[in-house]
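The values are calculated or read from the model by the stated rules, or taken from the named source; none is laboratory data. Treat the numbers as computed from the prediction; the structure is a model and nothing was measured. When we count neighbours, we look across all protein chains shown, and the Cβ atoms used for this are built from the backbone with ideal geometry, even at glycine.
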Amino acid sequence: MNLQTESTKEKLLNIVSSFNTTPFLFIGSGITRRYCNLPSWDLLLEYFSNLLNPNNEFAYANYKRQANNDYSLLGSIIGEEFDNQWFSNQDLFEMSTTSKDFIKQGTSPFKCAIAEYLQSIMLHNPEYENEEHLLKEVLANNISGIITTNYDTYIEDMMPDFKTYVSQKDLLFSSLQQLGEIYKIHGSVSDPNTIVINKADYTKFDEQSKYLAAKLLTIFIEYPIIFMGYSLSDPNIRKIISDIAACLDTKALEKLSNRFIMITRAKDEDSDIKIQLNQYEVNQMHIPMINIELRNYGDLYEALQTLKPSVPIKLLRLYRESFYEHTLTTTKVKNILVNIDDTHIKPDDLVFTLSKPGTRSLLGLTGIDTKDWYLNILYDTLEFTADDLLTYAYPKLYKANNKLPAYKLLTEATHSYPEIEDNLNTGVSENAEAENIDKLLNKTLINTKRKRNYTNDTVQTIVDTYPTDKAICEIQYLPQDNIDIDELYTFLDTVYHEIPNIFSASIISTAFKRLIRFYDWLKFGRS
């Protein structure tokens, strides 16, 4: 490739067109700072420093002096002081009910506050609206996967079809398909306990980083990697690249010279694209990398749109995962039934069937996940009979989640399913009556319900009184006679459309699913 004679846009297009597959994006805080005005790590810590010391403009400078500009130690110092102050005075930072539950289970209040703060301030920047629209299209159609150190859910909210792993532990102990997946290696606001912010977190992360590098090595060898929202001086990036490079010899590193791309924001007003092939020294190793400096990221996204996977990424991942699971099992099967539900595929673009005559009507049943099952209770989204769902999909889902709603399907089924009916009563609290909604609550929730004493409240009054996340948790404490089925359905429908990723938002997903089970029992289950 001649980087000297072509126009800059041609250079960019030629770099991208040289990729033999769609790339992985390695995304840092600069991206969410650009599109959502979220703070950098430095600004995040400064915010909490100011919260702790509202009348001391030099407090953050003093913290940095104590930490000797070691940001992980800085996170420890501020985090420890925040935890101590919050436990003495909860007015310091108002926590949601779900965050308080995390704290009772041992999660640091500082991490819960970070999660709530980032979620509360994420607002889209209208300056980059067109650019962001292009990014969304690229993420949906032209990317193999994402690696990110960001805590926020900006990326996974735009990629609901990708599977998200929210911690280093999650990555190390899962069977990755390295396709259609998002790896949040520093944790996520969806589970505050996973957030990597202090010295102890980073020490543990560093201890396991070589194992993580080995896990990600195939990605770095097989896919182009585009770093966005980072600086190469970022110690996190340097550590990861160093661990990856340590697994490769010089010849292998040379092969990566056109596959490691660092995107940086142009500092001047020049709208031209600047491209350089550089050697970056990391721990005495020279890493070849193309540095692309640009002001308009839309130029990059338009170039990436020229990459068209032969089959949509979600579908490829689904097949790979299905075949992987099949090779691990010792049970002989005649059919592997997979869920083909990708809306990007036109009927005459692809036909891929693994079945024998008579099984095609069942295609997709074993690919149904928990989210699909719950949404079907509300919206009838699954195009299968109740009997097929209860016979083929329910057993697999029940193994992973024994609190599935099933009354709706039992009323629609033409056969009886006594085992499933027994499952619905398994684990019912001894304090609950068989024909009362309390059968869907555990002992702790029943006791909390009695303390709440919402005898004069309804779904609507709870919704009018509390913010959405708290309302989701509080409605479950209403007396059965106070829950209007239509009001409950309207609330569930509104929440799902306002928070489409709610099933992956672990802080409130459990309570939301319980409310769907309430609806299922109230409308279809009670005698």
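Numbers for the structure displayed
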{"item": "Filter pass, LEU12 being over 29 Å from the mean Cα position of the chain (by Cα) and surrounded by 17 or more Cβ atoms within 10 Å (Cβ to Cβ)", "result": "yes"}
{"item": "Unique residue being in the same structural domain as GLU254 (by TED's automatic domain parsing), within 21 Å of ILE155 (Cβ to Cβ) and either in contact (Cβ under 8 Å) with a residue 60 or more places away in the chain or of a type in the set (D, E, K, R) (or both) when the list is LYS184, LYS210", "result": "LYS184"}
{"item": "So GLN284, is it loosely packed, with under 13 Cβ neighbours inside 10 Å and at pLDDT below 85", "result": "yes"}
{"item": "Leading residue by the ranking (nearest to the chain's Cα centre (by Cα)) among those in the stretch 35-71 that are under 16 Å from LYS111 (Cα atoms) and of a type in the set (D, E, K, R)", "result": "ASP42"}
{"item": "Considering residues of the stretch 269-281 that are under 16 Å from TYR297 (Cβ atoms) and out of contact with any helix residue (DSSP H, G or I) (no Cβ under 6 Å at 6 or more places or on another chain) only, the residue modelled with the highest pLDDT", "result": "LYS274"}
{"item": "Criterion: part of a helix (DSSP H, G or I), closer than 16 Å to THR97 by Cβ and not aromatic (Phe, Trp, Tyr) - qualifying residue of THR510, THR494, THR490", "result": "THR510"}
{"item": "From the options LEU134, LEU118, residue that is within 23 Å of ASP469 (Cβ to Cβ) and either polar (S, T, N, Q) or outside any loop (DSSP other than H, G, I, E, B) (or both)", "result": "LEU118"}
{"item": "Condition check for ILE155: assigned to a loop (DSSP other than H, G, I, E, B), under 28 Å from ILE368 (Cβ atoms) and at pLDDT 90 or above", "result": "no"}
{"item": "Qualifying positions in the stretch 119-142 - in contact (Cβ under 8 Å) with a residue 24 or more places away in the chain and under 20 Å from GLU498 (Cβ atoms)", "result": "GLN119, ILE121, MET122, LEU123, HIS124, GLU132"}
{"item": "Residue list for the stretch 47-74, restricted to those being without any contact (Cβ under 8 Å) to a residue 40 or more places away in the chain and among the small types (Gly, Ala, Ser)", "result": "SER49, ALA59, ALA61, ALA67"}
{"item": "Contacts under 6 angstrom Cβ, first residue in the stretch 232-251 being in contact (Cβ under 8 Å) with a residue 12 or more places away in the chain, partner part of a helix (DSSP H, G or I), 6 or more apart", "result": "ASP243/SER209; ASP243/LYS210; ASP243/ALA213; ILE244/ALA213; ILE244/PHE220; CYS247/LEU217"}
